1. Go through (1) touching a residue at least 60 places away in the same chain (Cβ under 8 Å); (2) surrounded by 17 or more Cβ atoms within 10 Å (Cβ to Cβ); (3) not β-branched (Val, Ile, Thr) one by one and return the number of the condition residue A:477 breaks.
2. Kindly check whether there is at least one residue in the range A:93-103 that is part of a helix (DSSP H, G or I) and β-branched (Val, Ile, Thr).
3. Considering each residue of the range B:48-57, count those that are more than 10 Å from every other protein chain (Cβ to nearest Cβ) and crowded, with 22+ Cβ neighbours inside 10 Å, and give that number.
4. Quick test of your reading of the structure: residue B:77 fulfils all but one of (1) at pLDDT below 90; (2) under 13 Å from the mean Cα position of the chain (by Cα). Name the failing condition by number.
5. Of all helices (runs of 4 or more DSSP H) completely enclosed by the range A:13-84, which ones contain at least 2 residues that are out of contact with any Phe, Trp or Tyr (no Cβ under 6 Å at 6 or more places or on another chain) and hydroxyl-bearing (Ser, Thr, Tyr)?
6. Name the residue, out of A:463, A:457, A:452, that is buried (at least 16 other Cβ atoms within 10 Å of the Cβ) and in contact with a Pro (Cβ under 9 Å, 6 or more places away or on another chain).
7. Within the range B:63-74, restricting attention to residues that are of a type in the set (Asp, Glu) and under 20 Å from the mean Cα position of the chain (by Cα), which residue is nearest to the other protein chains (Cβ to nearest Cβ)?
8. Being at pLDDT 90 or above, assigned to a helix (DSSP H, G or I) and closer than 30 Å to residue A:476 by Cα narrows it down to one residue among A:426, A:395; which is it?
Amino acid sequence: MVGTFFSHSWKQQFRSPIWAKNLIANLFLGFAAIVLVGYALLLGIFLNEIILQLVPEGNPLDILNGLIIYYLAFEFFIRFFLQNVPVMSIQPYLHLPIKKAKMINYMLGKSAISPFNIIGILFFSPFAFRVVADSQGSAAGWGWLVFIVGLALTLHYLVLLFKKKLNDQPNLMFAFVIIFGTLGGLDIYSIISLSSASSAMMDAVIAQPIFGLVPVVLAVLFYFLNFNYLVNNTYPEEISTKKKTSNITGGQFAFLKRFGHKGELMAAELKLIMRHKRPRTTVLLGALLLLYGLFFYPNPAYQEMDFIFVFVGVFITGIFFLNYGQFLLSWDSGFFDFVLTRKSTFREYIEAKYLLFLSASTIAFVLSLAYGYFGWKIVLINLCAYLFNIGINVFVVMRIAMFGPKKIDLNKRAAFNYEGVGAAQFLIIIPIMILPYVIYAPLAIAGNDVLGIVLTGGAGLIGFLLRNKSIDGLTNYFIKNRHKIAAGFRAQ
Amino acid sequence: MINAKELSKSYSSVTVVNIPELSIPKGESFGLVGNNGAGKTTFFRMILDLVRPTTGSVTSKDVDVAKDEDWKNYTGSFLDESFLIDYLTPDEYFEFLGSLHGYSDGDLKEFLQRFEALFNDEIIGKKKYIRDLSKGNQKKVGIVGALMGNPEVILLDEPFANLDPTTQIRLKDVLKEWSEKSQLTMLISSHDLNHVTEVCERIVLLEKGEIKQDIQTSDSTLKDLEDYFAAY
């Protein structure tokens with residue numbers, strides 16, 4: 001049975017439509033995982049030397065022992081935010097003649113094979129054998145390692161249980177924050193020393209390696225608490241962490257209705273953004289990146305490199321369409337057939353998107369005026385970058401985004417979601433990094449960078465005045481390729 | 001066979017099912033009708049222990065389904081696509097179910113052969129995942145899966161929806177044949193009054209979670225039901 005379950009989860013991974021469609025992103029993630037594991041192992045192997053480098057006069061074992069408790073606290077938080085049990089995946093098995101206990105054991109067991117546990121083991125085992133066993137005897141080394149791994153497993157099952165209970169009792173979170181905060185505070189003000197508590201605990205384990213089994217027993221205990229909880233709560237509607245019905249959020253954007261169909265389309269798009277996590281996050285991130293300038297303008301290192309400011313200007317004033325617009329049609333992929341059949345022209349559809357990007361860029365530009373504090377030239381650069389964005393770049397991005405768009409499921413999470421990523425996301429570098437420099441770079445090299453900036457802005461202005469031509473062009477392309485795009489969305 | 005007592009389910013004070021007493025004897029073909037939101041699916045889910053009743057309980061062979069899992073061994077069910085493992089091919093799915101019911105390869109082949117007409121050569125041996133099948137074909141996979149392992153009880157939610165006319169007729173024949181041949185207790189919910197009156201001996205009409213009518217099917221049943229829903 002366990003074998004069947006394993007083969008099913010394997011198939012689920014490799015047969016997922018997202019897996020195949022995002023092969024490159026997956027390969028990259030896999031590569032990153034291997035690198036991470038490699039780093040953990042390398043760090044673990046050289047931990048002794050690293051600590052000696054940092055604190056030459058200390059004893060690495062003592063120092064590490066003193067830090068274990070902080071490591072565990074850190075791990076708890078990381079786990080809390082990133083760790084998940086895929087409970088919903090047992091739904092198709094619930095009505096079949098398989099004992100619930102079997103499924104739950106499988107689920108809990110499988111969850112133990114998590115990157116957190118593996119990295120922990122890789123990180124601490126070399127040290128346990130190279131240093132602890134070497135200096136304190138091999139029993140102490142084993143005890144030390146088993147103790148830490150046992151604690152990691154305890155945390156593992158504790159976090160699983162904690163997250164589930166949190167659904168029933170949200171107040172638990174406060175209790176935990178208070179406990180952690182108090183302990184941390186007491187530690188910071190040296191009223192108690194967590195570090196010496198940690199040392200004392202680890203020293204005891206080294207002196208009596210049998211203590212290493214204590215957290216193992218705890219881990220088993222938490223395992224069974226989880227098991228018990230799950231056995232009594234294996235109802236799909238109860239284990240689902242999602243809220244069943246979400247409240248209606250976001251305004252109605254009634255003021256946009258005045259602009260007819262285009263306004264309605266813009267309002268619908270704004271609602272789409274407000275009501276889904278991924279587009280919302282994309283937009284919020286964009287808002288945060290408005291502060292990007294603070295990173296460049298005051299930095300003396302960049303003062304001689306004006307050319308970077310052009311890029312910064314393009315980035316700041318165009319962040320919304322660069323970020324959100326690169327998935328232009330993908331956001332609508334879930335209801336694309338509706339887009340194609342509803343009573344509004346395709347030109348209105350494209351133009352509404354353009355107007356939305358135009359408004360966002362304008363708002364960003366107005367906000368960026370605050371950077372005038374760093375000199376008039378910044379304002380000039382941003383103005384020209386803004387014009388270039390709304391006249392040329394935005395159309396380039398929209399055109400690139402129509403290049404084989406991929407489906408996005410709006411209801412999926414925002415973080416680490418590579419759905420919809422395709423060739424377009426690599427091409428997007430062109431409007432950010434290359435286009436703005438086509439006019440500017442030769443003139444700047446010839447020594448007339450202000451003229452370069454002004455001409456870049458001028459080109460943007462001309463593009464803006466001719467915007468209807470660009471919108472027509474995009475619309476025509478859209479009309480020509482709409483069946484292909486729709487088929488692509490349906491197939492995925 | 002299946003008994004519901006004081007059974008109710010509420011979601012934040014809205015009661016969606018409220019059945020004080022209902023018992024379905026062994027071998028009965030039982031039809032459940034009602035408009036959207038009448039509570040048909042929720043009732044079925046409670047029979048399958050997929051929804052926790054707010055009050056009361058469902059027993060199958062006098063054992064509470066929420067307390068013991070024995071019912072799973074003799075109950076076949078298909079309510080919706082979440083009952084399927086959509087990343088498997090139909091062959092893999094049937095093999096998996098077959099292994100649960102102790103079918104040998106030969107048993108499985110023989111079993112599936114009986115549904116050749118129903119499958120219409122679109123399901124077995126095609127290299128397609130269940131999620132890539134049409135809704136109708138997914139339904140066929142689910143229903144045939146539910147019939148595996150000689151169940152004593154079978155629950156189907158809207159078995160006729162999404163199926164083409166030929167398949168609807170074939171499915172009706174399959175269901176009739178099974179219920180007559182093997183004393184199968186059959187619970188079907190449907191919006192299709194024609195089919196349900198034809199297949200089921202007894203029809204229960206739910207409205208807003210309550211039983212409004214409980215009738216033995218006769219020649220006039222279809223007309224009565226149509227009149228009821230027309231006047232609703």
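The values are calculated or read from the model by the stated rules, or taken from the named source; none is laboratory data. Because the structure is predicted, anything quoted here is derived from the model rather than measured. Note that we place each Cβ from the backbone using ideal geometry, even for glycine, and neighbour counts take in every protein chain shown.
1. Checking residue A:477 against (1) touching a residue at least 60 places away in the same chain (Cβ under 8 Å); (2) surrounded by 17 or more Cβ atoms within 10 Å (Cβ to Cβ); (3) not β-branched (Val, Ile, Thr), the one that fails is (2).
2. So the first thing to find is which residues in the range A:93-103 are part of a helix (DSSP H, G or I), and the list is A:93, A:100-103.
Now narrow it down to the ones that are β-branched (Val, Ile, Thr): none.
No, every residue in the range A:93-103 fails to be part of a helix (DSSP H, G or I) and β-branched (Val, Ile, Thr).
3. Looking only at the range B:48-57, we keep the residues that are more than 10 Å from every other protein chain (Cβ to nearest Cβ), and these are B:53-57.
Applying the additional criterion that residues be crowded, with 22+ Cβ neighbours inside 10 Å yields B:53.
Within the range B:48-57, residues that are more than 10 Å from every other protein chain (Cβ to nearest Cβ) and crowded, with 22+ Cβ neighbours inside 10 Å number 1.
4. Result: residue B:77 fails condition (1) only.
5. Values: elements: A:17-21, A:23-45, A:47-54, A:60-82.
Hits in the range A:13-84: A:60-82.
6. Details: A:463 fails: in contact with a Pro (Cβ under 9 Å, 6 or more places away or on another chain); A:457 fails: in contact with a Pro (Cβ under 9 Å, 6 or more places away or on another chain).
Among A:463, A:457, A:452, only A:452 is buried (at least 16 other Cβ atoms within 10 Å of the Cβ) and in contact with a Pro (Cβ under 9 Å, 6 or more places away or on another chain).
7. So the first thing to find is which residues in the range B:63-74 are of a type in the set (Asp, Glu), and the list is B:64, B:68-70.
Subsequent filtering for residues that are under 20 Å from the mean Cα position of the chain (by Cα) retains B:64, B:69-70.
On the way: B:64: 14, B:69: 6, B:70: 9 Å.
Residue satisfying both the conditions and the ranking: B:69.
8. Within the list A:426, A:395, the selection yields A:395.
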